[in-house]
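First, the structure itself, so that you have it in front of you.
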Amino acid sequence: AGYAGGITSAAVDGIRCAEALAAVLTGEVSPSGRLAVTCYDDPDGYFATLRSNKDAGKNKVGVFIGYRNYDTARLKMRYPFGFGLSYTSFAYDGLEATSRQVSFTLTNTGPAAGAEVAQLYIAKPDSLLFRPALELKGFAKVSLAPGESRRVTIPLDAYAFRYFNVKTGRWEAEEGIYQVMVGASCADIRLSGSLSAEGSGAPAPHD
């Protein structure tokens, strides 16, 4: 096997994945990976929803792909976006939210050391746009010993509330109250609250 930057191609190809799997199965390490896709329960319902949205001319699919489509259409998910397993458990508490950041306390309540991938979603149910039911805007992977707590802060940047306005031809922000949701996946929300965000004053793109 050749070398690439000091790493053998065999290692890059995953030939030692059995060692990693054994470490997880024996409990030497606690798994902390998360799904970056949605595993659907009913593929027929998924594609039917995409076709109906496109035929109705509502959004022509657009951003309604993956978990954004599943949650908006209320389709059943076998394994939701952000789903993962662990040998320990985590508690969320003390949510505080502003237009600049969201913070909360994360505690390892189980018997083993582990890492949690806390995920931040926002939503705007009264939006004048065709928005998904919720959108991922940030996440934080936090390693904690049993019984350990830590204050976690996830920043919200200038892009968190922006959308592309087809009337102005620019990226704009919609003013108003947004829902804030923090959890272990898009279907496992542990904390919820709200925040106020300023807008750019652009006209609604859809009449």
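The values are calculated or read from the model by the stated rules, or taken from the named source; none is laboratory data. The shown structure was predicted, so the numbers you read here are calculated from the model rather than taken from an experiment. A quick note on method: Cβ atoms are made from the backbone with ideal geometry, for glycine too, and the neighbour counts reach across all protein chains shown. To get the accessible areas, we keep the full protein, side chains included, count just its heavy atoms, and leave off ligands, DNA and RNA. Shrake-Rupley method; radii C 1.70, N 1.55, O 1.52, S 1.80 Å.
What strands (runs of 3 or more DSSP E) lie completely within the range 112-207 and have 1 or more residues being acidic (Asp, Glu) and in contact (Cβ under 8 Å) with a residue 24 or more places away in the chain?
Answer list for the range 112-207: 114-123, 135-144, 170-173, 188-197.
Residue-by-condition table, conditions (1) out of contact with any helix residue (DSSP H, G or I) (no Cβ under 8 Å at 6 or more places or on another chain); (2) over 26 Å from residue 86 (Cα atoms); (3) of a type in the set (D, E, K, R); (4) modelled with pLDDT under 95:
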{"position": "157", "(1), (2), (3), (4)": "yes, yes, yes, yes"}
{"position": "164", "(1), (2), (3), (4)": "yes, yes, no, yes"}
{"position": "169", "(1), (2), (3), (4)": "yes, yes, no, yes"}
{"position": "173", "(1), (2), (3), (4)": "yes, yes, no, yes"}
{"position": "177", "(1), (2), (3), (4)": "yes, yes, no, no"}
{"position": "188", "(1), (2), (3), (4)": "yes, no, yes, no"}
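Being part of a loop (DSSP other than H, G, I, E, B) and under 18 Å from residue 195 (Cβ atoms) is the filter here; which residues of the range 96-111 pass it?
98, 99, 100
Out of the range 148-179, which residues are of a type outside the set (Ser, Thr, Tyr), in contact with a Lys or Arg (Cβ under 9 Å, 6 or more places away or on another chain) and open to solvent by less than 80 Å² (accessible area, probe 1.4 Å)?
Within the range 148-179, 154, 156, 160, 161, 172, 173, 174, 176 meet the criteria.
For residue 198, indicate whether it is open to solvent by 70 Å² or more (accessible area, probe 1.4 Å) and either farther than 30 Å from residue 79 by Cβ or touching a Ser or Thr at 6+ places or on another chain (Cβ under 6 Å) (or both).
So residue 198 passes the test.
Mind listing whichever residues of the range 83-115 are crowded, with 18+ Cβ neighbours inside 10 Å, closer than 24 Å to residue 133 by Cα and at pLDDT 95 or above?
92, 97, 102, 104
Go through the range 42-68 and report how many residues are part of a loop (DSSP other than H, G, I, E, B) and at pLDDT 75 or above.
So the answer is 4.
Take the residues in the range 78-95 that are in a strand (DSSP E or B) and more than 18 Å from the chain's Cα centre (by Cα), then tell me which one is farthest from residue 198 (Cα to Cα).
Among those residues, the one meeting the criterion is 93.
Against the condition under 16 Å from residue 135 (Cα atoms) and not in a loop (DSSP other than H, G, I, E, B), how does residue 71 come out, does it pass?
yes
Kindly check whether there is at least one residue in the range 123-146 that is in contact with a Cys (Cβ under 8 Å, 6 or more places away or on another chain), at pLDDT 95 or above, hydrophobic (A, V, I, L, M, F, W, C) and open to solvent by 40 Å² or more (accessible area, probe 1.4 Å).
yes
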